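In what follows, a single structure is set out as C-alpha coordinates and then discussed.
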Amino acid sequence: MFFPVSKILGFFALPSNLVIVAGLIGVLLLLTRFKRTGRVLLVASILLLVILGLSPLGNALLIPLEDRFPPWTGGGNVAGIVVLGGAVTPDVSAARDQVSLNEAAERLTAAAHLAAKYPRAKVIYSGGDPGLVRTEGAEAPYALRFLRELGVSPDRLVAEGRSRNTAENAEFSKELAAPKPGERWLLVTSAYHMPRAIGAFRRAGFEVQPYPVDYRTSGPDDALRFFQSVGDGLKRTDTAVREWVGLFVYWLTGRSSELFPAP
(Lines give C-alpha, C1' and ligand atoms only; values in the text may rest on other atoms or scores of the structure.)
Protein backbone atom coordinates (compact mmCIF):
# COMPACT_ATOMS: atom_id res chain seq x y z
CA MET A 1 0.00 0.00 0.00
CA PHE A 2 2.85 2.37 0.85
CA PHE A 3 4.41 2.14 -2.63
CA PRO A 4 1.43 3.30 -4.77
CA VAL A 5 0.50 5.99 -2.24
CA SER A 6 4.09 7.26 -2.17
CA LYS A 7 4.17 7.46 -5.96
CA ILE A 8 0.92 9.42 -6.13
CA LEU A 9 1.94 11.78 -3.35
CA GLY A 10 5.38 12.05 -4.92
CA PHE A 11 3.81 13.58 -8.03
CA PHE A 12 2.27 16.37 -5.98
CA ALA A 13 5.43 16.81 -3.92
CA LEU A 14 7.22 18.24 -6.95
CA PRO A 15 6.95 22.05 -7.04
CA SER A 16 6.84 22.13 -10.85
CA ASN A 17 3.82 19.82 -10.91
CA LEU A 18 2.01 21.83 -8.25
CA VAL A 19 2.63 25.10 -10.06
CA ILE A 20 1.42 23.71 -13.38
CA VAL A 21 -1.71 22.24 -11.76
CA ALA A 22 -2.42 25.61 -10.12
CA GLY A 23 -2.05 27.33 -13.48
CA LEU A 24 -4.39 24.89 -15.19
CA ILE A 25 -6.98 25.37 -12.47
CA GLY A 26 -6.61 29.10 -12.98
CA VAL A 27 -7.30 28.77 -16.70
CA LEU A 28 -10.40 26.69 -16.02
CA LEU A 29 -11.67 29.20 -13.47
CA LEU A 30 -11.44 31.94 -16.09
CA LEU A 31 -14.39 30.23 -17.77
CA THR A 32 -16.52 30.44 -14.62
CA ARG A 33 -17.79 33.13 -12.28
CA PHE A 34 -14.54 32.77 -10.32
CA LYS A 35 -12.53 34.67 -12.95
CA ARG A 36 -10.75 36.78 -10.39
CA THR A 37 -9.47 33.73 -8.52
CA GLY A 38 -8.49 32.20 -11.84
CA ARG A 39 -6.42 35.25 -12.78
CA VAL A 40 -4.69 35.21 -9.40
CA LEU A 41 -3.80 31.52 -9.75
CA LEU A 42 -2.58 31.98 -13.32
CA VAL A 43 -0.37 34.95 -12.53
CA ALA A 44 0.94 33.28 -9.36
CA SER A 45 1.83 30.10 -11.25
CA ILE A 46 3.79 32.06 -13.87
CA LEU A 47 5.68 34.02 -11.22
CA LEU A 48 6.45 30.86 -9.27
CA LEU A 49 7.75 29.12 -12.39
CA VAL A 50 10.16 31.99 -12.91
CA ILE A 51 11.26 32.04 -9.26
CA LEU A 52 11.64 28.27 -8.96
CA GLY A 53 13.31 27.99 -12.35
CA LEU A 54 15.78 30.86 -12.35
CA SER A 55 16.56 31.56 -8.70
CA PRO A 56 19.25 29.63 -6.74
CA LEU A 57 16.54 28.08 -4.53
CA GLY A 58 17.08 24.57 -5.88
CA ASN A 59 20.81 24.73 -5.15
CA ALA A 60 20.24 26.22 -1.70
CA LEU A 61 17.96 23.30 -0.82
CA LEU A 62 20.28 20.67 -2.30
CA ILE A 63 23.57 21.79 -0.73
CA PRO A 64 22.74 20.72 2.88
CA LEU A 65 21.77 17.28 1.58
CA GLU A 66 24.95 16.87 -0.45
CA ASP A 67 27.22 18.09 2.35
CA ARG A 68 25.62 15.96 5.09
CA PHE A 69 28.06 13.09 4.56
CA PRO A 70 31.68 13.82 3.61
CA PRO A 71 33.50 11.94 0.85
CA TRP A 72 34.68 8.51 1.95
CA THR A 73 38.36 8.43 2.93
CA GLY A 74 38.50 5.05 4.65
CA GLY A 75 40.85 2.22 3.87
CA GLY A 76 41.42 -1.39 4.77
CA ASN A 77 39.38 -4.33 3.62
CA VAL A 78 35.98 -3.89 1.99
CA ALA A 79 33.70 -6.92 1.98
CA GLY A 80 31.13 -5.50 -0.37
CA ILE A 81 29.69 -2.54 -2.23
CA VAL A 82 25.98 -1.77 -2.49
CA VAL A 83 25.06 0.50 -5.39
CA LEU A 84 21.58 2.00 -5.38
CA GLY A 85 19.62 2.12 -8.61
CA GLY A 86 18.87 5.28 -10.52
CA ALA A 87 21.77 5.31 -12.95
CA VAL A 88 20.21 3.24 -15.75
CA THR A 89 17.24 3.91 -18.04
CA PRO A 90 16.01 0.31 -18.47
CA ASP A 91 13.32 0.80 -21.13
CA VAL A 92 15.75 2.64 -23.43
CA SER A 93 18.41 0.01 -22.69
CA ALA A 94 16.01 -2.73 -23.72
CA ALA A 95 14.87 -0.93 -26.87
CA ARG A 96 18.43 -0.11 -28.02
CA ASP A 97 20.09 -3.28 -26.74
CA GLN A 98 22.80 -1.31 -24.98
CA VAL A 99 23.16 0.08 -21.48
CA SER A 100 21.69 3.57 -21.38
CA LEU A 101 22.98 5.65 -18.46
CA ASN A 102 21.42 8.87 -17.20
CA GLU A 103 22.74 11.84 -15.20
CA ALA A 104 23.30 9.63 -12.14
CA ALA A 105 25.78 7.50 -14.11
CA GLU A 106 28.51 8.18 -11.55
CA ARG A 107 26.85 5.65 -9.26
CA LEU A 108 27.97 2.98 -11.71
CA THR A 109 31.31 4.44 -12.73
CA ALA A 110 32.23 4.81 -9.05
CA ALA A 111 31.17 1.21 -8.48
CA ALA A 112 33.51 0.09 -11.27
CA HIS A 113 36.34 2.09 -9.71
CA LEU A 114 35.72 0.58 -6.27
CA ALA A 115 35.46 -2.92 -7.73
CA ALA A 116 38.92 -2.49 -9.26
CA LYS A 117 40.33 -1.04 -6.04
CA TYR A 118 38.88 -3.83 -3.90
CA PRO A 119 39.07 -6.95 -6.10
CA ARG A 120 37.63 -9.27 -3.44
CA ALA A 121 34.55 -7.19 -2.69
CA LYS A 122 31.09 -8.25 -3.80
CA VAL A 123 29.09 -5.73 -5.77
CA ILE A 124 25.32 -5.59 -5.28
CA TYR A 125 23.33 -3.39 -7.61
CA SER A 126 19.93 -2.70 -6.07
CA GLY A 127 17.40 -1.45 -8.59
CA GLY A 128 14.05 -2.88 -9.64
CA ASP A 129 11.20 -1.32 -11.60
CA PRO A 130 9.99 1.84 -9.83
CA GLY A 131 7.13 2.43 -12.26
CA LEU A 132 3.55 2.56 -11.00
CA VAL A 133 1.54 2.90 -14.20
CA ARG A 134 4.18 2.45 -16.89
CA THR A 135 6.48 -0.55 -16.62
CA GLU A 136 10.10 0.31 -17.39
CA GLY A 137 11.81 -2.91 -16.32
CA ALA A 138 14.44 -3.58 -13.68
CA GLU A 139 17.73 -1.71 -13.78
CA ALA A 140 19.90 -4.35 -12.15
CA PRO A 141 20.49 -6.65 -15.16
CA TYR A 142 21.68 -3.75 -17.31
CA ALA A 143 23.84 -2.33 -14.52
CA LEU A 144 25.58 -5.68 -14.11
CA ARG A 145 26.03 -5.89 -17.87
CA PHE A 146 27.73 -2.47 -17.78
CA LEU A 147 30.07 -3.56 -14.99
CA ARG A 148 30.93 -6.79 -16.79
CA GLU A 149 31.79 -4.81 -19.91
CA LEU A 150 34.19 -2.76 -17.79
CA GLY A 151 35.94 -5.95 -16.68
CA VAL A 152 34.34 -6.74 -13.32
CA SER A 153 34.20 -10.51 -12.87
CA PRO A 154 30.62 -11.85 -13.10
CA ASP A 155 31.08 -14.05 -10.02
CA ARG A 156 31.42 -10.89 -7.88
CA LEU A 157 28.22 -9.27 -9.16
CA VAL A 158 24.81 -9.66 -7.54
CA ALA A 159 21.60 -8.28 -9.03
CA GLU A 160 18.85 -7.12 -6.69
CA GLY A 161 15.93 -6.44 -9.01
CA ARG A 162 12.92 -6.44 -6.67
CA SER A 163 13.27 -3.09 -4.92
CA ARG A 164 11.09 -0.17 -5.98
CA ASN A 165 12.22 2.45 -3.47
CA THR A 166 15.00 3.21 -1.00
CA ALA A 167 13.44 1.33 1.90
CA GLU A 168 13.26 -1.82 -0.24
CA ASN A 169 16.82 -1.21 -1.45
CA ALA A 170 17.96 -1.52 2.14
CA GLU A 171 15.78 -4.51 3.02
CA PHE A 172 16.54 -6.64 -0.02
CA SER A 173 20.23 -5.71 -0.19
CA LYS A 174 20.70 -6.85 3.38
CA GLU A 175 19.13 -10.20 2.52
CA LEU A 176 21.57 -10.72 -0.33
CA ALA A 177 24.63 -9.35 1.45
CA ALA A 178 24.09 -11.27 4.71
CA PRO A 179 26.74 -9.05 6.33
CA LYS A 180 28.87 -10.60 9.04
CA PRO A 181 29.96 -8.74 12.20
CA GLY A 182 33.02 -6.62 11.52
CA GLU A 183 32.61 -6.54 7.76
CA ARG A 184 32.86 -3.21 5.96
CA TRP A 185 30.23 -2.51 3.32
CA LEU A 186 30.14 0.66 1.24
CA LEU A 187 26.94 2.32 0.06
CA VAL A 188 27.16 4.16 -3.25
CA THR A 189 24.45 6.63 -4.20
CA SER A 190 24.03 10.28 -5.16
CA ALA A 191 25.23 12.67 -2.45
CA TYR A 192 21.85 14.39 -2.15
CA HIS A 193 20.16 11.00 -1.64
CA MET A 194 22.67 9.71 0.91
CA PRO A 195 20.92 10.98 4.10
CA ARG A 196 17.67 9.17 3.30
CA ALA A 197 19.52 6.07 2.11
CA ILE A 198 21.61 5.87 5.28
CA GLY A 199 18.49 6.30 7.39
CA ALA A 200 16.78 3.44 5.57
CA PHE A 201 19.81 1.14 5.85
CA ARG A 202 20.19 1.89 9.55
CA ARG A 203 16.51 1.12 10.09
CA ALA A 204 17.00 -2.17 8.23
CA GLY A 205 19.91 -3.04 10.51
CA PHE A 206 22.48 -2.99 7.71
CA GLU A 207 25.50 -0.93 8.78
CA VAL A 208 27.15 0.61 5.73
CA GLN A 209 29.69 3.35 5.17
CA PRO A 210 28.51 6.15 2.86
CA TYR A 211 30.31 6.69 -0.42
CA PRO A 212 28.54 9.75 -1.91
CA VAL A 213 28.90 10.48 -5.62
CA ASP A 214 27.01 12.36 -8.34
CA TYR A 215 27.22 15.82 -6.82
CA ARG A 216 24.93 18.35 -8.50
CA THR A 217 26.38 21.47 -6.84
CA SER A 218 29.92 22.73 -6.34
CA GLY A 219 29.22 23.82 -2.77
CA PRO A 220 27.95 26.86 -0.83
CA ASP A 221 28.81 29.29 -3.63
CA ASP A 222 26.04 27.75 -5.74
CA ALA A 223 23.46 28.97 -3.22
CA LEU A 224 23.83 32.39 -4.86
CA ARG A 225 24.13 31.24 -8.46
CA PHE A 226 21.12 31.81 -10.71
CA PHE A 227 20.14 29.36 -13.44
CA GLN A 228 20.29 30.25 -17.12
CA SER A 229 17.18 28.28 -18.05
CA VAL A 230 13.89 27.72 -16.26
CA GLY A 231 14.00 24.01 -17.07
CA ASP A 232 17.34 23.46 -15.35
CA GLY A 233 16.28 25.35 -12.25
CA LEU A 234 12.94 23.58 -11.98
CA LYS A 235 14.62 20.20 -12.25
CA ARG A 236 17.09 21.09 -9.48
CA THR A 237 14.31 22.40 -7.24
CA ASP A 238 12.18 19.32 -7.86
CA THR A 239 15.10 17.04 -6.98
CA ALA A 240 15.80 18.87 -3.73
CA VAL A 241 12.18 19.20 -2.57
CA ARG A 242 11.41 15.56 -3.38
CA GLU A 243 14.36 14.47 -1.25
CA TRP A 244 13.41 16.68 1.70
CA VAL A 245 9.82 15.43 1.52
CA GLY A 246 11.13 11.87 1.26
CA LEU A 247 13.21 12.34 4.40
CA PHE A 248 10.19 13.55 6.34
CA VAL A 249 7.87 10.81 5.07
CA TYR A 250 10.43 8.06 5.74
CA TRP A 251 10.89 9.31 9.30
CA LEU A 252 7.15 9.71 9.83
CA THR A 253 6.38 6.18 8.61
CA GLY A 254 9.27 4.51 10.46
CA ARG A 255 11.30 3.72 7.34
CA SER A 256 14.27 5.80 8.48
CA SER A 257 16.21 5.73 11.74
CA GLU A 258 15.94 9.51 12.16
CA LEU A 259 14.64 12.64 10.47
CA PHE A 260 17.95 13.87 9.07
CA PRO A 261 20.59 11.14 9.44
CA ALA A 262 24.15 12.28 10.07
CA PRO A 263 27.58 10.59 10.14
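For the reader, a short list of remarks on this structure follows.
- In the set [x] 69, 39, 36; [y] 59, 40, 29; [z] 66, 32, 32, the label that goes with Cα extents along the principal axes in Å computed for this structure is [x].
- Projected onto planes of every orientation and averaged, the convex hull of the alpha-carbon atoms in region 1-144 covers 12.9 nm².
- Distance cut-off 25 Å, percentage of C-alpha pairs in region 154-263 lying past it: 30 percent
- For region 109-190, the Cα-based Rg and Dmax, in that order, read 13.0, 42 Å.
- Rounded accessible area per residue of the chain, 1.4 Å, Å²: 51 Å²
- You can think of it this way: the chain between ALA44 and GLU175 has 42.3 nm of extra reach, that is 0.36 nm per residue less the Cα-Cα gap.
- Between region 81-119 and region 10-48, the alpha-carbon center distance in angstrom: 39 Å
- Surface composition of region 169-209: carbon and sulfur make up 46 percent of the accessible area, probe 1.4 Å.
- Peptide packing for 163-170, 210-217 was compared via the average number of neighbouring C-beta atoms within 10 Å per residue; ordered from the highest value, the list is 163-170, 210-217.
- Computed in the context of the full set of protein chains, the accessible area of region 1-158 at 1.4 Å probe radius has 65% of its extent on carbon or sulfur.
- Accessible area ranking (1.4 Å probe, heavy atoms, ligands and nucleic acids excluded), largest first, for LEU48, LEU187: LEU48, LEU187.
- Estimated from helices alone, the mean residue ellipticity of the chain at 222 nm is -16000 deg cm²/dmol (sum of -39500 (n - 2.57) over DSSP H runs with n ≥ 4, per residue).
- Take each peptide in 101-113, 250-262, 222-234, count the other Cβ atoms within 10 Å of every residue, and average; sorted highest first, the result is 101-113, 250-262, 222-234.
The values are calculated or read from the model by the stated rules, or taken from the named source; none is laboratory data. It should be emphasised that the depicted structure is a prediction, and the values quoted were computed from it without experimental measurement. Counting neighbours? That spans all protein chains shown, and the Cβs are built from the backbone with ideal geometry, glycine included. Note: areas computed on protein heavy atoms with side chains; ligands, DNA, RNA excluded. Shrake-Rupley method; radii C 1.70, N 1.55, O 1.52, S 1.80 Å.
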